[in-house]
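Data block below; observations after.
The values are calculated or read from the model by the stated rules, or taken from the named source; none is laboratory data. Note that the coordinates shown come from a computational prediction; the quantities given were computed from them, not determined experimentally. For neighbour counting, all protein chains shown are included, and Cβ atoms are generated from backbone atoms with ideal geometry for every residue, glycine included. Side chains are part of the model used for accessible areas, which takes the heavy atoms of the whole protein and leaves out ligands, DNA and RNA. Shrake-Rupley method; radii C 1.70, N 1.55, O 1.52, S 1.80 Å.
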Amino acid sequence: MIKLYVLFFLLTVFIMLACVVYIATRHIIKKNKLNISIIQLLIVGIVTTLAYCLAITAREELYAELGYATYFAGIDWILITFMFYARHYTKIWQDTYAAPLITTTIAVIDNISIFHNFKWHHAFMLKQVTIGEDWFYSFAINDYYVVHLVFCYILVALIVLMFAQKTLQTSGFHRNRYLSILVMFTGIILLNVLYLFFDYPVDVSICLYSVASIFVSYYTLMYNPKTFVEFMLSTITERMECALISFDENDSYIYSNQVANRMFCQSGDKKLLEERFRKWREGKDANSISNANWNDIYNINGDEYRFDVHFNKVYDKKGFYCGCYFSFYDVTGDFLAYEEEKYRNSHDSLTGALKRESFYEEVRRILDENPHTEYVMVCTNIKGFKLINDMYGVDEGDKLLIRCSDLIREKISSASAFARLESDRFAILMPKNRYSEELFMTGMNQVSHFMNNSQYRMVILVGVYDIFDRHATVVSMCDGAFLAIDSIKDSFKNSIAYYGDMLRREYMSEQKILGEFEEALQTGQFAMFLQPVVTTDGRMTLCEALVRWIHPSRGIIAPVSFIPLLERTGYIYKLDQYIWEQAAKRLAYWTSLGHDELSISVNVSVKDFYYMDIYDTLVSLVEKYHIDPSRLKIEITESIFMTEKERQIEIITSLKEYGFLIEIDDFGSGYSSLNMLKEVPADILKMDMAFLSVDKNQNRGRKIVNTIITLAKALGMMVIIEGVETEEQLDYLKGTGADYLQGYYFNKPLPVKKFEDIYL
Ligand code: C2E
Ligand code: CA
Ligand code: CA
């Protein structure tokens, strides 16, 4: 019989040991106090149980007494460690150290006392008890044992109190955790009471230690109530900002969170949700996909919402479909922010009109999407807008621009697109049949009325380009409209100009010239013509290189037809470089014939300064052809004063220092001629008779010519008078002290061969 008990107790030890190993390997990793307190409790339990086994199996009194003493002491420590565990587990009295300290101290004293039982036998006495044929050592209690018992029951009371308090104070989900341990603990105590007070031979409560160790380990470390998990999950989904809706395998509604209900199912009728999503599934071949992601727009209470929608199917472990859920993320805010950003990038912040690039794109799109609608491009320009800014301040200028764009928006609602291309330049694309002159006239009058007063009259110019070639670039359409404006730029009242046939022809021919230029240059269609420059006594030592385009079909084209265009577009530098090389080559050739007294003047455009290194180009030419730089004369005009004057003067000065001679061409034709004289270290001043209208007002003109020549001489410059056409002019010029003369009177610009035949 006793052996059977011992077997049970050893089984209990084994189970406790298993729990220790389990916790030590699986849970000790999270080395927290709770885990450690359980292990301590179990180890004390094991020791106590083994001690009890020793006591009841001992055949000698000494071992039996040792067993019982250890067993009684062990009960103290079981309760103490249980209390420590309870502190960590229930989190009650965690902050007080008094109770643990006092109880531990008392336990130590109690232990010392119990182990003195060997001497004094004040706690218990051994007695032999027979069960059936078997006997074993049991014990009879003495007076001191009561002290030990009282101490133990105080500990029991404390523990029960802790668990009872925790059970009452915790949420319904967790009550089981504490209640179960409380019940189990009370059960063991009751059994122990049974053993002590009802004289049951063996302490059967020890058997329950195994159950207790499993309870403690399970409820403390592993137990997670299902209802609680569900509760947590649904709370989380309720609080999520996205809308969640789920359906089972038959597409029947299961669950939707609050956000979803608020947005999609205000009536509360969940059938609506089912219908709504069954519709979607029909459209989207939902059988073959396991998840999908798309964007959708929903109208909720009259507001438009944008959602990032996710659809996911759920499968069980074996891969059987069990349901699906939708999640809707409201991206309306992001979308609006993105739209706003896009708007800011494409629209002018001041007027709200489109910006240039966006306008070009928009126009392209409209033209491509409406191939059968005819359109016009209307551009406007406020005359002298800079002056308005200067006179009234930038704020007023801005107000005016806002007014302009408001009027365009309001009056010309038929505009398909409209933009502020730059400062005061607006462009409007509109269907041709909606355009009318009155519309713009009244608009323009209204805007100019806004600014007009006694000191200032505002004038708005409008250019209209009829889009006849809708595949041309939008830039060229706007250019066309502005070209029309250019044709009326001297107007003093609001007016409208059309990019008409004349302008169109001009534009087309310009496009043609630009298209042909490169090839013409490669194939030598540009020829250098030479016009002699003679001294007053008829000797020729100088000539001017003037370009001619010998066009294969159109014959000889004069520079006026292409030079201004090439200057505007920047291509002039290619042509000039070519002509300069022709001149240098010719000078070298003439040297070889023994004519090293002859010079050639070449023309330099202001644009050449931007597109190439003039100094490098000219220096390498004279070096390449081994000619004296003074024989290549450089003609510049005062247009170089328009921008970056200092830089240009610096280049000219270094050319002069290298040995080139500098001529100021067309002196007197502009307004900064005198400035040129002052600032440019030129060697020769060149003046056209035509500019001085010598013929119309002969006397005044001649006086001016005389004075300029005197001035030039005083500055140490030589003078060339060009445009000499008559003998009369020649006679007069002979007496003025001019050094050289050039003009049709002597000869026109000639092809090089002809020039050489005559003059060499
Ligand atoms: P420019 O430099 O003032 O050249 C003088 C212009 O006056 C030449 O016109 C010439 O043919 C013309 N001319 C000469 N004598 C008389 C005359 O007695 N009466 C009248 N009415 N005109 C006369 P062209 O050759 O048509 O050149 C026009 C302009 O084109 C030149 O004016 C020059 O600015 C520019 N140009 C010509 N060739 C070149 C060149 O190779 N490069 C650059 N950058 N410009 C050039
Ligand atoms: Ca010239
Ligand atoms: Ca000239």
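Identify the residue in region 634-655 that is open to solvent by less than 20 Å² (accessible area, probe 1.4 Å), within 16 Å of ligand 3 (Cβ to nearest atom) and not acidic (Asp, Glu) and, among all such residues, is nearest to GLU544 (Cα to Cα). Ranking the candidates gives ILE634 first.
Tell me the residue from TYR625, TYR589, TYR578 that is open to solvent by 30 Å² or more (accessible area, probe 1.4 Å), touching a Lys or Arg at 6+ places or on another chain (Cβ under 7 Å), more than 18 Å from GLU663 (Cβ to Cβ) and at pLDDT 95 or above, please.
Result: TYR625 is the single residue among TYR625, TYR589, TYR578 that is open to solvent by 30 Å² or more (accessible area, probe 1.4 Å), touching a Lys or Arg at 6+ places or on another chain (Cβ under 7 Å), more than 18 Å from GLU663 (Cβ to Cβ) and at pLDDT 95 or above.
Of all residues in region 565-575, those satisfying the criterion of being surrounded by 19 or more Cβ atoms within 10 Å (Cβ to Cβ) and either modelled with pLDDT under 95 or out of contact with any strand residue (DSSP E or B) (no Cβ under 9 Å at 6 or more places or on another chain) (or both) are LEU566, TYR571, ILE572, TYR573.
All but one of (1) of a type in the set (Gly, Ala, Ser); (2) more than 16 Å from ligand 3 (Cβ to nearest atom); (3) not in a helix (DSSP H, G or I) hold for ALA584; which doesn't? The single condition ALA584 does not satisfy is (3).
Where strands (runs of 3 or more DSSP E) fall entirely within region 417-487, those with at least 1 residues that are within 17 Å of LYS355 (Cα to Cα) are at 417-422, 425-431. The set of residues in region 713-732 that are part of a helix (DSSP H, G or I) and either touching a helix residue (DSSP H, G or I) at 6+ places or on another chain (Cβ under 8 Å) or within 16 Å of ligand 2 (Cβ to nearest atom) (or both) comprises GLN729, TYR732.
Residue count for region 635-684 under the criterion of being among the basic types (Lys, Arg) and either under 22 Å from LYS703 (Cα atoms) or within 16 Å of ligand 1 (Cβ to nearest atom) (or both): the result is 1.
Of the residues ILE159, ILE131, the single one that is surrounded by fewer than 17 Cβ atoms within 10 Å (Cβ to Cβ) and β-branched (Val, Ile, Thr) is ILE131.
Within region 491-538, restricting attention to residues that are of a type in the set (Ser, Thr, Tyr) and over 18 Å from TYR571 (Cβ atoms), which residue is modelled with the lowest pLDDT? Here the residue is SER491. If you go through region 219-260 and keep only what is more than 30 Å from MET184 (Cβ to Cβ), open to solvent by less than 40 Å² (accessible area, probe 1.4 Å) and not in a loop (DSSP other than H, G, I, E, B), you end up with THR235, THR237, ALA243, LEU244, ILE245, SER246, PHE247, SER256, VAL259, ALA260. From the list THR541, THR536, THR523, the lone residue that is open to solvent by 20 Å² or more (accessible area, probe 1.4 Å), touching a residue at least 60 places away in the same chain (Cβ under 8 Å) and more than 15 Å from ligand 1 (Cβ to nearest atom) is THR536. The set of residues from region 60-72 being open to solvent by 10 Å² or more (accessible area, probe 1.4 Å) and more than 18 Å from LEU10 (Cβ to Cβ) comprises GLU60, GLU61, LEU62, GLU65, LEU66.
When each of ASN142, ASN117, ASN176 is tested for being assigned by TED's automatic domain parsing to the domain that holds ILE102, of a type outside the set (D, E, K, R), farther than 25 Å from THR96 by Cβ and open to solvent by 70 Å² or more (accessible area, probe 1.4 Å), the lone residue that passes is ASN176.
All conditions in (1) modelled with pLDDT under 90; (2) crowded, with 16+ Cβ neighbours inside 10 Å hold for VAL211, with the sole exception of (2). In region 545-554, the qualifying residues are those that are open to solvent by 10 Å² or more (accessible area, probe 1.4 Å) and either at pLDDT 95 or above or within 13 Å of LEU521 (Cα to Cα) (or both), and the one that is farthest from ligand 3 (Cβ to nearest atom) is PRO552. Restricting ILE388, ILE382, ILE412, ILE428 to residues that are touching a Cys at 6+ places or on another chain (Cβ under 8 Å) and at pLDDT below 90 narrows the list to ILE382.
Scanning region 284-298 for residues that are open to solvent by 50 Å² or more (accessible area, probe 1.4 Å) and either over 30 Å from SER358 (Cα atoms) or modelled with pLDDT of 90 or more (or both) yields LYS284, ASP285, ASN287, SER288, ILE289, SER290, ASN291, ASN293.
If you scan region 299-327, which residues turn out to be open to solvent by less than 60 Å² (accessible area, probe 1.4 Å) and touching a helix residue (DSSP H, G or I) at 6+ places or on another chain (Cβ under 7 Å)? Once the filter is applied, which keeps residues that are open to solvent by less than 60 Å² (accessible area, probe 1.4 Å) and touching a helix residue (DSSP H, G or I) at 6+ places or on another chain (Cβ under 7 Å), region 299-327 yields ILE300, ARG306, PHE326. The number of residues in region 624-672 being under 12 Å from VAL606 (Cβ atoms) and assigned to a helix (DSSP H, G or I) comes to 9. Going through (1) more than 15 Å from ligand 3 (Cβ to nearest atom); (2) modelled with pLDDT under 95; (3) of a type outside the set (Asp, Glu) one by one, PHE755 falls short only on (2). When every residue of region 688-699 is checked against the conditions, at least one turns out to be touching an Asp or Glu at 6+ places or on another chain (Cβ under 6 Å) and surrounded by 13 or more Cβ atoms within 10 Å (Cβ to Cβ).
Of everything in region 351-371 that is hydroxyl-bearing (Ser, Thr, Tyr) and over 13 Å from MET477 (Cβ atoms), the residue that is least open to solvent (accessible area, probe 1.4 Å) is THR351. So is SER138 outside any helix (DSSP H, G or I) and polar (S, T, N, Q) or not? When the stated conditions are applied, SER138 passes them. Show the residue pairs meeting these rules: Cβ distance below 9 Å; 6+ apart or different chains; first residue within region 739-760 and touching a residue at least 12 places away in the same chain (Cβ under 8 Å) and within 11 Å of GLY538 (Cα to Cα); second residue among the small types (Gly, Ala, Ser) and within 16 Å of ligand 2 (Cβ to nearest atom). Short answer, once both residue conditions are applied: GLN742/GLY723.
Each row is one residue, and each column tells you yes or no for (1) within 9 Å of ligand 1 (Cβ to nearest atom); (2) touching a strand residue (DSSP E or B) at 6+ places or on another chain (Cβ under 6 Å); (3) open to solvent by 40 Å² or more (accessible area, probe 1.4 Å).
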{"residue": "ILE708", "(1), (2), (3)": "no, no, no"}
{"residue": "LEU711", "(1), (2), (3)": "no, no, yes"}
{"residue": "GLY716", "(1), (2), (3)": "no, no, yes"}
{"residue": "GLY723", "(1), (2), (3)": "yes, yes, no"}
{"residue": "GLU727", "(1), (2), (3)": "no, no, yes"}
{"residue": "LEU733", "(1), (2), (3)": "no, yes, no"}
{"residue": "LEU741", "(1), (2), (3)": "no, yes, no"}
{"residue": "TYR745", "(1), (2), (3)": "yes, no, yes"}
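When region 603-619 is filtered for residues that are open to solvent by 60 Å² or more (accessible area, probe 1.4 Å) and closer than 12 Å to ILE651 by Cα, the ones remaining, listed by number, are TYR610, ASP613, TYR615, ASP616.
For region 656-668, filtered to residues that are out of contact with any strand residue (DSSP E or B) (no Cβ under 7 Å at 6 or more places or on another chain) and either open to solvent by 30 Å² or more (accessible area, probe 1.4 Å) or modelled with pLDDT under 90 (or both), the residue that is farthest from ligand 2 (Cβ to nearest atom) is GLU657.
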